[in-house]
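The values are calculated or read from the model by the stated rules, or taken from the named source; none is laboratory data. What you see is a predicted model; the values in this text were computed from it and never measured. Each accessible area value is taken on the protein alone, full model and side chains, heavy atoms only, with ligands, DNA and RNA left out. Shrake-Rupley method; radii C 1.70, N 1.55, O 1.52, S 1.80 Å.
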Amino acid sequence: MKKILLLAGILLWGIPLFAQLDGTYKIGADSIAFSGEKVTFRISGFGGLSSAHVGEGKYELSGDYLFIHTTDYSGDKTNFELLDGSKKDTCVVHTVSSQNYAVQGILVESRTKSGKLISGKVTGNDGKVFFTPCNKIASISATSLGYNSISLDYTPGKDYQIRLAENDIIENRTVVFKINFIDEETLSLLMLTEDFKTGKNRDKELQKLEKRARKTNKLDKRLKKVYIPYNRRN
């Protein structure tokens, strides 16, 4: 009888914890939303960085660790448009925001078919870089902190307009957070990795990641549960 009561107590103790993983938790522009087995998140500020990590997928809770197995992101992502070449044997890459404003400070790289770097340039005030000659270019990439990176195949005789989406989008990787339930309405998250590779000893790997995160002075992010007001219909 005691064993049965003990087992029932353990099961009942676990219910509130999992019940908490439902709904949306927010602080400022950051949020994590749980719905069934799925979760979406936008979390910024780890390690003093101003950029935000965003993603969606299925989650798994194991002890003090939250695993998010991200899938393809359904929100806005960086995309590009092919334009007719404006100069002979020159490729012009123009980076713009979602509102079509030129974006400066974007690293644009050209590479060979084998992936070897040919040239790396940073966009100026007009949001443009110029590559010449172009006969060895096989691919072009655009990256910058705070934006969704993109890599694309090069088409000879064409220029590119790249429309950048904000945030570091995480897709098809496993994100791991250290999670702590402060109270019934508050949880804290600490991102340990955005690309977790499970080894022979998962617990040991997680402990190493947490120790590394603490050593680099990463700070936990506290989020509070958001309650949607219920409007009673007359």
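Treating cross-link reach as a plain straight distance, find the lysines whose alpha-carbon is under 19 Å from the alpha-carbon of residue 200, omitting any fewer than eight places away in the same chain.
Straight-line reach from residue 200, under 19 Å: 208, 211.
Specify the angular offset, from 0 to 90 degrees and rounded to the nearest 10, of the alpha carbon long axis of helix 202-215 from the longest principal axis of the alpha carbons in the chain.
Computed tilt is about 70 degrees.
How much accessible area per residue does region 79-165 have, in Å², with a 1.4 Å probe?
Numbers: 4860 Å² over 87 residues.
Ligands and nucleic acids excluded, the result is 56 Å² per residue.
How tilted is helix 2-20 with respect to the longest principal axis of the chain? Cα atoms for both, answer in degrees (0 to 90, nearest 10).
With both axes taken from Cα atoms, the answer is about 40 degrees.
At a threshold of 8 angstrom on Cα-Cα distance, excluding pairs fewer than six apart, so keeping six or more, what relative contact order does the chain reach in percent?
Over the chain, the number comes to 21 percent.
In the structure shown, do any of 58/215; 88/116; 26/225 have a Cα-Cα gap over 18 Å, and if so which?
Numbers: 58/215 29 Å; 88/116 24 Å; 26/225 6 Å.
Check vs 18 Å cut-off fails for 58/215; 88/116.
With every protein chain present, what accessible area does residue 56 have (1.4 Å probe, heavy atoms only), rounded to the nearest 10 Å²?
Rounded to the nearest 10, that gives 40 Å².
Roughly speaking, to the nearest percent, how much of the chain's 1.4 Å accessible area is carbon and sulfur? Display every interim value, and only then the final one.
On the way: 7540 of 14690 Å².
So the carbon and sulfur contribution to the accessible surface is 51 percent.
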